[in-house]
Amino acid sequence: MMLCSTRYTIKIPESPALSKFTNRKLNLLRRRYDTIQNLHVHFKLENTRQGSAKVCEIECTIPGSSIHASATKGIF
């Protein structure tokens, strides 16, 4: 039996409160780790058969490599 899952990704409109919170947290990372060259954050809403979930993906660039992290929750 093959399970099939369909996901739809919707970009979330920018929220001033979420942007402020995110920038504050990213600035803490930058101050603690001076090797960070770049940070990219993406917020998405995924709709699946089980319901919707909010996804946060972060890409951190450091000399010589790139680190990716992702988290899926019901709320941000």
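Find how much the distance from Ala71 to Gln37 grows on full extension, using 0.36 nm per residue of separation minus their present alpha carbon separation; answer in nm with one decimal. Display every interim value, and only then the final one.
Numbers: separation 34, 0.36 × 34 = 12.24 nm, distance 2.18 nm.
Length gained between Ala71 and Gln37: 10.1 nm.
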Per residue, how much accessible area does the range 35-76 show when a 1.4 Å probe rolls over the protein heavy atoms, in square angstrom? 67
Cross-link reach list, aspartates and glutamates versus Lys25, counting only Cα pairs under 20 Å and skipping chain neighbours closer than eight places: Glu14, Asp34, Glu57, Glu59
Stretched fully, the stretch from Arg49 through Arg24 gains (0.36 nm per residue minus C-alpha distance, one decimal, in nm) 5.6 nm
Which value, in Å² and to the nearest 10, is the accessible area of Ser15 when all protein chains are kept and the probe is 1.4 Å? 40
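The values are calculated or read from the model by the stated rules, or taken from the named source; none is laboratory data. Predicted model only: the values in this text are computed from it and were never measured. Surface areas here come from the heavy atoms of the whole protein model, side chains and all, with no ligands, DNA or RNA. Shrake-Rupley method; radii C 1.70, N 1.55, O 1.52, S 1.80 Å.
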